[in-house]
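Data block below; observations after.
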Amino acid sequence: DDEMDINDEELEAIGIAEDKDKEFSAHLIVTLGKTFEQSTANLLAPIMINITDKLGKQFILEGHDYGTKHKLLPEGSGE
């Protein structure tokens, strides 16, 4: 349910903002731990890719409490 707030000026660098019909995808960098429970994702700096034009960029989100080592599974989930 989280949202990434990236302003249009930054998205223009990869051609997304000017044409809302372009296909794009968002990716996170995941660091695998010794076990899956120890694995983390970097929620602070997502990678946005303009699929149509084959351009991409990593963005650093501001004004969020996201971190670079967010656990993939909540504590105590046991899966």
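Under a 1.4 angstrom probe, counting protein chains only, how are Thr40, Thr35 ranked by accessible area, largest first?
So, going from the largest accessible area down, we get Thr35, Thr40.
Among the protein heavy atoms, those of Lys69 account for about 150 Å² of accessible surface (1.4 Å probe, every chain in place). Computed with every protein chain present, the accessible area of Thr52 is close to 70 Å² [probe 1.4 Å].
Both radii come from the Cα set of the chain: Rg as radius of gyration, Rh as Kirkwood radius; their ratio Rg/Rh reads 1.06. For the chain, the solvent-accessible area with a 1.4 angstrom probe is 74 square angstrom per residue. In a fully extended conformation the segment linking Thr31 and Lys71 would gain 13.4 nm over its present Cα-Cα distance, using 0.36 nm per residue.
With a Cα cut-off of under 24 Å and a minimum spacing of 8 residues unless on different chains, the lysine pairs in the chain number 8. By accessible area, using a 1.4 Å probe on protein heavy atoms only, the chain has 50% of its surface on carbon and sulfur.
Below 8 Å between Cα atoms, with a sequence gap of 6+, how large is the relative contact order for the chain in percent?
Rounded, it is 28 percent for the chain.
The values are calculated or read from the model by the stated rules, or taken from the named source; none is laboratory data. Since this is a predicted model, take the numbers as computed values, not measurements. Heads up: the accessible areas ignore ligands, DNA and RNA and are worked out on the full protein's heavy atoms, side chains in. Shrake-Rupley method; radii C 1.70, N 1.55, O 1.52, S 1.80 Å.
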